[in-house]
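Note sheet for the following structure.
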């Protein structure tokens with residue numbers, strides 16, 4: 001029982017990371033309605049990018065975040081038209097074809113990652129890495145690693161920033177219009193093609209930043225992309241596909257569940273629980289906890 | 001429907017005949033193994049295509065059924081001393097039964113959700129195999145050894161040919177094929193004509209997975225060693241998916257061709273490149289991504305100028321009934 | 001001769017806050033043609049969808065041949081003998097005209113060959129037999145509506161629900177369709193028909209149900225309904241009444 005507060009704190013801190021994994025993905029899904037099977041691989045790429053850049057420039061990874069965003073935003077911007085082509089295909093169910101396309105992307109990126117980065121596990125040292133905050137209050141004893149706290153702060157900043165972007169700017173309104181009614185939005189002057197490119201770019205940018213974050217807080221190998229895809233799916237399905245406000249709740253929930261399982265149950269059961277839970281949620285409430293998913 | 005059936009028979013019969021006599025011309029266990037494996041992949045690809053190409057559901061948990069068959073045989077032979085031939089139908093039946101049970105709730109999900117759902121369920125099953133003792137956990141299990149390449153070759157060939165012929169009869173000759181197409185084209189219209197979409201989709205699901213269980217059973221006894229990675233892993237599903245899409249969804253021959261070509265690549269890499277695994281992944285990914293963008297009907301599909309309204313993965317009808325006026 | 005083939009009892013259908021159908025009740029006697037009319041948005045297609053099983057009514061019951069079928073799924077109703085066409089035609093575009101009707105024929109003729117023979121009969125009856133081998137996607141609108149009809153007929157229904165089978169056709173095509181509908185009635189099939197073209201409805205219906213804003217505002221013979229001030233007001237507004 002004395003462990004409980006720490007377990008809760010750990011859960012919330014991990015939840016922060018999960019927010020960043022899922023929020024860009026949910027945004028992209030909400031607008032383009034495609035499930036990107038490669039989301040975890042983009043995160044992995046971001047992590048390695050951060051690792052090598054950190055080694056080269058000796059800059060703290062948290063300072064490298066904006067750079068990663070810009071670079072991957074560019075990649076996403078340029079890549080999006082290929083996806084558009086698949087999505088607007090006359091043939092086949094475009095959404096499923098796009099899913100298959102991202103599946104292929106996943107294989108390519110993973111294979112390329114393994115080729116270039118090998119099977120090594122890397123982590124990125126940060127100014128925050130060494131510190132921990134310790135809270136003591138009678139029998140209460142909490143350790144809060146600084147880097148995880150920084151990660152949580154980052155997650156919240158990103159979330160608020162996205163909310164601001166979507167609700168208070170014209171660009172954001174255009175995105176929301178596009179997500180709800182593609183044709184009508186086009187008639188109102190929202191350039192669907194361009195907006196899609198921006199959204200995909202933002203999504204890749206956030207994913208890359210998430211990768212660096214994970215590289216700092218934990219570590220990354222070229223094979224781990226799949227795990228983060230799974231986590232992204234889980235959070236987004238639970239939150240409701242495309243429903244951004246649901247993401248923090250779902251992310252914290254997942255973080256807490258994982259934290260509890262690791263401490264009170266065996267670690268090998270954690271994954272099993274997550275897989276089963278994901279399946280059950282899909283069956284019972286595919287529109288997520290709040291029923292606002294797509 | 002409009003194809004020249006006799007032309008197909010002219011090509012297929014000699015091919016099957018060749019396959020049957022092949023082991024008598026080639027005694028090398030090495031080549032026999034390769035041939036057995038190609039046939040297994042053809043089986044995995046066409047079974048995946050039955051669900052994906054004909055009903056439009058992407059089963060990213062295809063490996064789950066393979067593993068169920070493999071472990072059924074493994075456990076029954078090793079722990080209960082059953083002879084192989086008795087475990088074979090058990091493997092197939094268990095796989096089919098699993099599909100029946102999860103089919104009804106899961107097939108209700110929309111396309112993308114079905115993909116994620118089957119994917120996560122398969123991973124759950126893999127986890128179960130990793131933690132249980134009876135499956136040997138991550139170390140896997142060893143089966144009684146039986147070295148007879150021809151035996152396994154013929155079993156693999158038999159099951160895969162049988163499946164191919166069964167599918168051909170069901171899809172081309174029997175009402176089932178038309179019903180499946182109807183559901184895929186327009187579910188609401190099909191319902192108005194007396195077709196029960198859930199029942200037909202479940203039938204397709206079971207038909208798609210039962211044979212895979214059989215293949216898993218044969219694999220287990222053939223390789224004599226199974227573990228969660230090789231029999232329940234994503235890599236199994238991934239390859240089947242690429243082979244089917246690359247070859248051509250919605251046809252029976254397409255995935256077979258896709259399987260042969262992709263497998264040829266894989267073997268070439270394995271033979272000549274030491275680090276073939278990673279390059280193979282890239283090739284797999286490129287094959288499927290490029291196919292989706294440039295040749296959506298796959299290699300074979302494009303070759304035969306697939307004019308079936310142009311599509312094989314038709315948009316599944318999402319409650320197209322609007323109450324307006 | 002007494003039991004109605006279809007009985008719709010106080011049907012209410014709400015979609016969230018919107019009441020699309022607000023307590024509609026009527027009967028169809030065997031062999032009758034009943035017309036269902038009303039301005040746009042009156043709830044006609046929603047009512048159709050409730051009767052044919054695509055929506056479950058919020059309240060109310062549906063009886064077919066005396067048996068309650070409220071909430072039955074469309075394929076169950078097709079089995080029992082209710083056929084329908086769709087306002088926006090729904091052919092199986094990737095298949096031929098013949099294949100489209102064969103699929104419908106499976107309901108009564110489970111095996112391929114009898115189904116195919118039956119399909120040919122249907123196509124001859126509706127005049128599409130010359131186009132049997134063509135792809136469904138190559139038909140004109142008139143052909144597609146004819147195909148919808150052929151498919152519904154292939155079910156050998158006792159009740160046929162027709163949703164705007166005449167709308168969009170030129171006068172000669174429309175007349176041919178009306179002839180066809182009358183021939184269908186001669187075979188003893190009862191019909192519930194939704195149509196915007198007044199002369200069609202008024203000429204072939206035995207009775208007419210009028211909806212407005214989901215409510216049933218009139219029910220009776222065409223001449224009665226046409227003269228009803230409430231109906232006139234619904235269509236033309238206050239001043240004309």
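What follows is calculated from the coordinates using simple rules that are stated; it is not laboratory data. Because the structure is predicted, anything quoted here is derived from the model rather than measured. Here the Cβ positions follow ideal geometry from the backbone for every residue, glycine too, while neighbour counts run over all protein chains shown.
Some notes on this structure:
- Dimensionless Rg over Rh [the protein assembly as shown; C-alpha; Kirkwood]: 1.02
- With both residues required to sit in chain C, DSSP beta bridges show an antiparallel share near 55%.
- Sites residue C:88 and residue A:284 - FRET efficiency at Förster radius 41 Å, r taken between beta-carbons, to 0.05: 0.80
- Sorted by Cβ density within 10 Å, fewest first, the residues C:29, B:179, A:167, C:151: A:167, C:29, B:179, C:151
- Taken along the Cα-to-beta-carbon direction at a fixed 7 Å, the label points for residue B:133 and residue C:176 span 7.8 nm.
- Share of alpha-carbon pairs per 5 Å distance bin for the range B:33-233, given as whole %: 1, 8, 16, 20, 19, 15, 10, 6, 4, 1, 0, 0
- Rounded to 5, percent antiparallel among DSSP beta bridges of the range C:148-241: 50
- Note on residue B:229/residue B:28: beta-carbon distance plugged into 1/(1 + (r/R0)^6) with R0 of 30 Å gives a FRET efficiency of 0.60.
- The modelled label-to-label distance between residue B:295 and residue B:20, using points 7 Å beyond Cα along the C-beta direction, is 3.2 nm.
- Listing A:197, A:216, B:10 from fewest to most neighbouring C-beta atoms within 10 Å gives B:10, A:197, A:216.
- On Cα atoms only, tilt of A:225-239 relative to the major axis of chain A in degrees: 80
- Fraction of beta bridges assigned by DSSP in the protein assembly as shown that are antiparallel (%, nearest 5): 65
- Share of pairwise Cα separations in chain A, more than 34 Å, in percent: 19
- Net length gained if the chain between residue C:120 and residue C:40 were fully extended (0.36 nm per residue, minus Cα distance): 25.1 nm
- Normalised contact order of the range B:33-233, rounded percent, pairs of Cα under 8 Å and 6 or more residues apart: 44
- Exposure proxy ranking for A:249, B:119, based on other Cβ atoms within 10 angstrom of each Cβ and starting from the fewest, stands as A:249, B:119.
- Estimated distance in nm for a label pair at residue B:165 and residue C:197, the labels positioned 7 Å out from Cα along Cα-to-Cβ: 5.5
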